[in-house]
Each structure stands twice: as C-alpha cells, then as structure tokens.
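Enquirer: Have a look at this one.
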Amino acid sequence: MNVYISETAKADLREIRQGIERVVPLRGDAVIQELVEHCEQLADMPLRYPLVLRYEGRGVRRCVHGRYLIFYRTRDESVEIIHIVHGARDYDSLLFPP
C-alpha cells in the first residue's frame, strides 16, 4: 500500500518545523522525519487506528505520534494523509472547514 501526503499535510509539516525551530533550531528536521516515518508505517496496517467519530462517514482515521495527531483515510490501495496537527489545536475547523 502506498502512502500519499497531501499538499495540506505537507503545509502542516512546514508549519510544525517552523514552530519547533523557533524554540529549538536544530530539532525541526528530526521531528518532521519522525512524523513522516510514522505516516509511512500506516501502509502496513492502515485500519488499526479508529475512525474519528464525527468524520467516520468520510473514512477519516486518527493516530497519535507524540504530541501530534495524524489524520488520514484509506483509498483503494493507498493511504492519504490529510492533516498533521499538534494535539492542542482545534482540529475540527481544519479537517473540513465550512
């Protein structure tokens, strides 16, 4: 199964890196690498994480990596990473804005 990181999720990763590098300049790349590796591991067992209750009709699942939430859905033979956000953020408005 292939893992596809959406443009939105790539923008999330850039934002995460910038936030980390403001505090710990040399840590940003390592955190991003860890998140990407976790995303890639979803190819092995994409259904192991629960559906997000409010978005179960859209097939959105969520897994946790440290302080970050990875939102994704499966499509045929691929995993689409939708968003990657810090767990303290209000993710409802990010996932599917009105």
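Enquirer: State the answer as a single residue: which of Ile32, Leu53, His65 lies farthest towards the positive end of the charge dipole of segment 30-89, with beta carbon charges of +1 for Lys and Arg and -1 for Asp and Glu, about the Cα centre.
Expert: Selected residue: Leu53.
Enquirer: HN-Hα J couplings of segment 53-60 from phi, Karplus 6.51/-1.76/1.60, θ = phi - 60°, integer Hz, Gly and Pro as x?
Expert: Running phi through 6.51 cos²θ - 1.76 cosθ + 1.60 with θ = phi - 60° gives 3, 5, 10, 4, x, 9, x, 7 Hz.
Enquirer: May I ask for the distance between the Cα centers of segment 1-49 and segment 59-80, given as a whole number of Å?
Expert: 11 Å
Enquirer: Note down the Stokes-Einstein diffusion coefficient of the chain in µm²/s, whole number, using a Kirkwood radius over alpha carbon pairs, 10 °C, and 1.306 mPa s. It would help to have the intermediate numbers written out before the result.
Expert: Values: Rh = 13.7 Å.
D = 116 µm²/s.
Enquirer: Could you tell me the relative contact order of segment 2-95? Use alpha-carbon pairs under 8 Å, at least six residues apart, and round to a whole percent. Display every interim value, and only then the final one.
Expert: Details: 118 pairs, mean separation 30.2, N = 94.
Here the relative contact order equals 32 percent.
Enquirer: Count charges around Tyr4 for me, please; just the other residues with Cβ under 12 Å from its Cβ, Lys/Arg as +1, Asp/Glu as -1. Don't jump to the answer; show the numbers that get you there.
Expert: On the way: positive: Lys10, Arg73, Arg75; negative: Glu7, Glu40, Asp76, Glu77, Glu80.
Net of charged neighbours comes to -2.
Enquirer: Assigning unit charges at the beta carbon (Lys, Arg +1; Asp, Glu -1) and nothing else, what dipole magnitude in debye, to the nearest 20, does segment 2-95 show about its Cα centre? Please list the in-between numbers first.
Expert: Working: 14 positive and 15 negative charges, 61 e Å.
Computed about the Cα centre, the dipole is about 300 debye.
Only the coordinates and a few stated rules stand behind these numbers; no lab work does. Quick caveat: nothing in here was measured; it's all calculated off a predicted structure. Quick reminder, even Gly has a Cβ in these numbers, built from the backbone with ideal geometry, and neighbours come from all protein chains shown.
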